[in-house]
Amino acid sequence: MARIVGIDLGTTNSLVAYMKDGQPCVVPDRNGRTMVPSVVALTDNGLIVGDSAKEHLTRNPERTVYSVKRFMGKGLADVQDELVYFPYHITETGGVIRIRLGQKSYSPPQVSAMILKELKLRAEASLGESITKAVITVPAYFNDSQRQATKDAGLIAGLEVLRIINEPTAASLAYGLQQKTQGTIAVYDFGGGTFDISILKLKDGIFEVLATSGDTHLGGDDLDRVLVDLFIGDIRDRYGIDVDRYPDHMQTVRLEAERAKIRLSDELKTEITIELPEDKGRFTRELTRDQLEFLVAGIIERTLAPCRIALKDAGLTPKGIDEVVLVGGSTRMPLVRQQVEALFGKQPHCHLNPDEVVALGAAVQADILSGGTTDMLLLDVTPLSLGIETMGGVMSSLIRRNTTIPASAKEMFTTYVDGQTGVDIHILQGERELVKDNRSLAQFRLKVPPLPAGVPRIEVTFLIDANGILNVTATDMRTAKSQSIEVKPSYGLSDTEVERMIEDSFKFAAEDVTARKLIEARLDAEALIKTTDKSLVDAGHLITEEDADGIRTSLSQLSIAKNGTDPRVIRAHMAELEQTAKHLNVLMLDHSLKKSLHGKKVSEVS
Amino acid sequence: MGYTPCPLLLMDNQQSPPHPDTRRQLQMARSMCWHCQSEVTGEYFCDRCVKVQPVSKETDYFTCLGFPRRLMLDPQKLEAKFYELSRTFHPDFYQTKSADEQTISLSNAAVLNTAYRTLRDSIQRAEYLLALETGSVKDIRTSPPADLFEEILDLQDTLEEYRASERDSEQGHRLRATLQTEQEALERRKEGMEAQLRQLFADWDKLQDAGEATSLARVERDRILKQMRDLLSNRTYVNNIVNDLAATIA
Ligand SMILES: Nc1ncnc2c1ncn2[C@@H]1O[C@H](COP(=O)(O)OP(=O)(O)O)[C@@H](O)[C@H]1O
Ligand SMILES: [Mg+2]
């Protein structure tokens, strides 16, 4: 099996790792740096990614995208409050955020794909082979749309995403490999844009997640903003300048704020210097660790509530946790460590490199999938409850949060009006009572045969797979026939849009065999579905009902497979359909031959 | 035109009655390998082609986890079995296999997870066994059990009063204290019910172990199931009230 790499696609930094002689290792660049800043810039020479793009943050703020992960799987309304902090142009089309770079607009998955491609190239250069498969990590508290967006990003980058895994659980794999301990651990992951807490039980190579919680909008970025606001206020008071009107200077202020915050993790006092716009000279001030801690204490405290919820959901008290593992750059802050220590009543484990541990764990998971590592197994959970809208705008829960995945629930639907031909189903994710307070995932219409009210019995299966991504199928219980469902995501790219983006990405980058194969397989599958549908209409009367049913089943299976990401799976289902429809096609051929012979002279035929 | 969905309450998420045709197919699937059509005698894999076999939809959660229909299960053993079967079915180990095998592994793992979740918790386990044995939906109590009727009505009034009162007033504090005492009393009541349930669980297991088919045994079986049903639904009722109370005065 081709090599699978593990990728940590972070808000601030991204890394790629692989398994070498039973040990995971991160791929460095030529200069030995392992982290690729998650920054994309449009320059006169085209799009650039990583360290070189980071330099454009202040030089070219409107054309330099950072922290794009905050926008994955979101609509504009979700991020309205923080738009002021971003100097690049953000809009929305079709429920998906778009980022303007020069003449073109890009969805967050497209921007993330650029970062992924950079990592892919880096791994290819280091390993001397082509890389087409990856495990990508996401914050544990990511919802379905955010996971799907990450998968789309992989696809656009020409990577087959074999698994989406949660960042804290990935970290636990790397930790477990190193420590060989048993017991209950809490992984506290505080990075640049997100916060996660996961509680796991480690026993005999099984990593069982007991509970997870978090906040996908809480990270080091938020700490920086407190300092940014402080500096802006100072500058306004002292110089009468509104820095937020100058995007390049805003970027400088943000970077200086972050640097000061980082310095204060090691020092008690630091000096800040910022060049002012309009040649107004320099702004300088001093900041102490105490002052910083006073300002950000409230934000850091916001990480504690999810910790308590996770403990409660796991049925544990802090005493029941054997070890607390710290992950993410923001856990280097002394105040964070103090808070964690106070909550759990023990000193956290900090012997792992918090920057690399997630990528290393992703590489371990990749090795499990390729059959290399066989003694470890991760049993993860779904972070949010899944449900559907019922009468009165209330959410009825089908799969509770912290249920081990894969998880499935079946629900029977019927009609309440005679002759009703459809039931609209609205899928939601969240913990609240009312539909409007939860996240809308998707909507679809269940087709129902027109019968008296209450007679139809359509069973819908909601399956959350090992990626934490939802799959929906329906079966008519009266005929035992399955029905293909066109689920329309509420936030996210449609399949056709992803396909177009994949095609677009080919225009820019070198060819990528897997993704192209997938597009081709999908196109071929569509063509086959079309011709078979037509044959059924034209010649369906020539075959038995049983054969026709068989063909319909294969057809719907292919339509489902077509939405998957593995071209081989699509090809296999195509072969199956061709097999079941063989007889029909022969008849069809005869039929159309006869039809075309009709009215022609014998001499014209022979 | 849109319709609001109208879900039907079923006995269990996983246990919807299969269509007669599907039932036949599924049973066939269990005794015959879906891949090489040879007879399957092994537990989860075909002896001949070594392909993973789908867990039949007919299989109940006890059978799925390889436990008899008992109510006092050793949690350690249950967990060990769950881990063992997870290693057998988890999709992580089927990434290099065919698409069909991947699909089977995914649905088997989902069934296994539901089975473990249900049996791990003694209350859910009993509710599930009750549904299996009596074939009926868990009944959800909407009015208080007789011996609690007066108490619950009073409690309801106090709750209303508390909700309407100023939290920081003297009255608020007094009502809060009353509710707290009431909550503790109900929690003790719940614990009492759980103790009674544990006794019934033991009775059930003893009866099953004896395995007698006498009419006396049948009467005893019905008694246990009936008492268990009543206790379970009363306990759920009280539990909901306790949770409500806790949330209100938190
Ligand atoms: N020494 C430090 N002290 C405080 N914060 C730090 C330190 N080092 C890095 N950070 C912060 O950590 C965040 C990045 O962490 P990282 O784990 O790489 O994030 P992500 O996984 O979201 O990409 C940034 O907000 C950065 O400012
Ligand atoms: Mg991270």
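Over the range B:67-225, calculate the relative contact order: mean separation of alpha carbon pairs under 8 Å at least 6 apart, over the residue count, as a percent.
Taking the mean separation of contacting Cα pairs over the length of the range B:67-225, I get 24 percent.
Work out the length of the dipole vector of the protein assembly as shown about its Cα centre, built from +1 on the beta-carbon of each Lys and Arg and -1 on the beta-carbon of each Asp and Glu, and round it to the nearest 20 debye.
1640
Counting only the heavy atoms of the protein chains, how much of A:Met395 is accessible to a 1.4 Å probe, in Å² to the nearest 10?
It works out to around 20 Å².
Counting only protein heavy atoms and a 1.4 Å probe, tell me what percentage of the protein assembly as shown's accessible area is made up of carbon and sulfur.
Roughly 50 percent, rounded to a whole number.
Set the Förster distance to 35 Å, then compute FRET efficiency between A:Val455 and A:Asn563 from the Cβ-Cβ distance, nearest 0.05.
Efficiency, from the Cβ-Cβ distance: 0.70.
Over both sides of the A-B contact, add up the buried accessible area with a 1.4 Å probe and give it to the nearest 100 Å².
3900
Which whole-number percentage describes the relative contact order of chain A, with Cα contacts under 8 Å and a sequence gap of 6 or more?
Across chain A, relative contact order equals 13 percent.
Can you give the net charge of the other residues whose Cβ lies under 12 Å from the Cβ of A:Gln80, counting K and R as +1 and D and E as -1?
Once positives and negatives cancel, what remains is -3.
Can you give the translational diffusion coefficient of the range B:146-249 in µm²/s, computed by Stokes-Einstein from the Kirkwood radius over Cα pairs at 10 °C and 1.306 mPa s?
This corresponds to a translational diffusion coefficient of 100 µm²/s.
Roll a 1.4 Å probe over the protein heavy atoms and report the accessible area of A:Glu271 in Å², nearest 10.
Approximately 110 Å² for this residue.
Under 15 Å Cα to Cα from A:Lys20, which aspartates and glutamates show up? Leave out anything in the same chain fewer than 8 places away.
A:Glu124, A:Glu129, A:Asp367
Residue by residue through the range A:185-191, which ³J(HN,Hα) values in whole Hz follow from phi under the Karplus form 6.51 cos²θ - 1.76 cosθ + 1.60 (θ = phi - 60°), with glycine and proline marked x?
10, 10, 9, 9, 10, 10, x
Evaluate the distance, in nm, between pseudo-label points positioned 7 Å from the Cα of B:Gln196 and of A:Gln579 along their respective Cα→Cβ axes.
So the label points at B:Gln196 and A:Gln579 sit 5.9 nm apart.
For A:Thr288 and A:Glu92, compute 0.36 nm times the residue count separating them, minus their Cα-Cα distance, and round to one decimal in nm.
This chain segment gains 66.5 nm when fully extended.
Considering only chain A, what is the antiparallel percent among its DSSP beta bridges, to the nearest 5?
80
Excluding A:Gly94 itself, calculate the net charge of residues whose Cβ lies under 14 Å from the Cβ of A:Gly94, where each Lys or Arg counts +1 and each Asp or Glu counts -1.
Taking every Cβ under 14 Å from that of A:Gly94, the sum is 0.
For A:Ala77 and B:Glu170, FRET efficiency with R0 = 41 Å and r from the beta-carbon atoms, rounded to 0.05?
0.35
From the phi angles alone, apply the Karplus equation (6.51, -1.76, 1.60; θ = phi - 60°) to the range A:481-495 and give each ³J(HN,Hα) in whole Hz, x where the residue is Gly or Pro.
Working through the residues one at a time gives 9, 8, 10, 7, 10, 8, 8, 9, x, 6, 10, x, 7, 6, 4 Hz.
Which of the residues in the range A:462-490 show a loss of at least 30 Å² in accessible area from their chain by itself to the complete set of protein chains, at a probe of 1.4 Å?
A:Leu463, A:Met477, A:Ala480
Using a 7 Å offset from Cα along Cα-Cβ at A:Val487, what residues in the range B:88-121 end up with backbone N under 13 Å from the label point?
Inside the label zone: nothing.
Evaluate the charge dipole of the range A:91-175 about its Cα centre and quote only its size in Debye, nearest 20, assuming +1 on the Cβ of each Lys and Arg and -1 on the Cβ of each Asp and Glu.
Its charge dipole is roughly 180 debye.
For each pair in A:Lys151/A:Lys530; A:Lys201/A:Lys346; A:Lys447/A:Lys481, compute the distance between the two Cα atoms and list the pairs where it is over 21 Å.
The answer is A:Lys151/A:Lys530.
Please work out the FRET efficiency for the pair A:Asp266 and A:Ala527, using the Cβ-Cβ distance as r and a Förster radius of 60 Å; give the result to the nearest 0.05.
Computed FRET efficiency for A:Asp266 and A:Ala527 comes out at 0.45.
Using the Karplus curve 6.51 cos²θ - 1.76 cosθ + 1.60 with θ = phi - 60°, what ³J(HN,Hα) values do you get for each residue of the range B:233-250, in whole Hz, with x for Gly and Pro?
In residue order, the calculated couplings are 6, 5, 5, 4, 4, 5, 4, 4, 5, 4, 4, 4, 4, 4, 5, 6, 9, 5 Hz.
Treating cross-link reach as a plain straight distance, find the lysines whose alpha-carbon is under 24 Å from the alpha-carbon of A:Lys269, omitting any fewer than eight places away in the same chain.
A:Lys261
Starting from the 7 Å offset along Cα-to-Cβ, what nm value, one decimal, do you get for the label separation of B:Gln156 and A:Asp418?
3.9
In the neighborhood of B:Arg221, defined by Cβ-to-Cβ distances under 15 Å, what is the net charge if each Lys or Arg adds +1 and each Asp or Glu adds -1?
Value of the local net charge: 0.
My understanding is that a pair violates if its Cα-Cα distance is over 22 Å; which of A:Lys74/A:Lys104; A:Lys54/A:Lys120; A:Lys104/A:Lys436 do that in this structure?
From A:Lys74/A:Lys104; A:Lys54/A:Lys120; A:Lys104/A:Lys436, over 22 Å: A:Lys104/A:Lys436.
Using a probe radius of 1.4 Å on heavy atoms only, what accessible surface per residue do you get for the protein assembly as shown? Whole Å² is fine.
Roughly 45 Å² per residue, with all protein chains present.
Would you tell me the accessible area of A:Tyr188, worked out with a 1.4 angstrom probe on the heavy atoms of the protein chains, in Å² to the nearest 10?
Accessible area, nearest 10 Å²: 0 Å².
The values are calculated or read from the model by the stated rules, or taken from the named source; none is laboratory data. This structure is a prediction, so every number in the text was calculated from the model and none was measured. A quick note on method: Cβ atoms are made from the backbone with ideal geometry, for glycine too, and the neighbour counts reach across all protein chains shown. For accessibility, only protein heavy atoms count, side chains too; no ligands or nucleic acids. Shrake-Rupley method; radii C 1.70, N 1.55, O 1.52, S 1.80 Å.
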